[in-house]
Amino acid sequence: MYYDIDGNEITQAEWSALFKTDERMVLKTQIGASSTVVSTVWLGLAHGEEDGKPLIFETCIFGGNGDSEVTERYTSLNDALVGHYRNVDRFFEMYMKAREMKKTRVKKLPARTADATDIVDAEFETVD
């Protein structure tokens, strides 16, 4: 089955014509200065169902090494927009944490705990 951006059934010829347009791209966001890109597109083909509705939108995360990860699929444009920004927020937060970690080093480690995971008492300092 083929669907337009509003979720209405269309013919294969109609889908093929729409799929070749730029309107297929819903949103594309580069995360900071990293090479990570969050991309949300209209697929027009059902990639499963949710509550009886076809999943016709998809958000992928593309990394700098060419890998991609499908994170979510959606039944509506509204859900796709919300999902896109949720993924942008998630990856931007990870990007900012990674940037801060590059500027931070461990000053003092606590005594080791039995499972070696407790760093609550660790001290950090900012590197200029």
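Overview of results
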item: Karplus-derived HN-Hα couplings along the stretch 14-21 (A = 6.51, B = -1.76, C = 1.60, θ = phi - 60°), whole Hz, x at Gly and Pro; result: 5, 4, 4, 5, 5, 5, 7, 8
item: Local electrostatic count, His47, Cβ distance below 13 Å [Lys/Arg +1, Asp/Glu -1]; result: -2
item: Table column - 3J(HN,Hα) (Hz), the stretch 84-92, Karplus curve with 6.51, -1.76, 1.60, x for Gly and Pro; result: 4, 5, 5, 5, 4, 4, 4, 6, 5
item: Residues whose placed amide H lies under 5 Å from that of Phe57, excluding near-sequence neighbours; result: Leu43, Tyr74
item: Summed residue charge, Cβ within 12 Å of Arg86's Cβ, Lys/Arg positive, Asp/Glu negative; result: -3
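Each reported figure results from applying straightforward, stated rules to the coordinates on display, with no laboratory input. Not measured: the values here are computed from a predicted model. Using ideal geometry, Cβ is built from the backbone for each residue, glycine included, and neighbour counts are taken over all protein chains shown.
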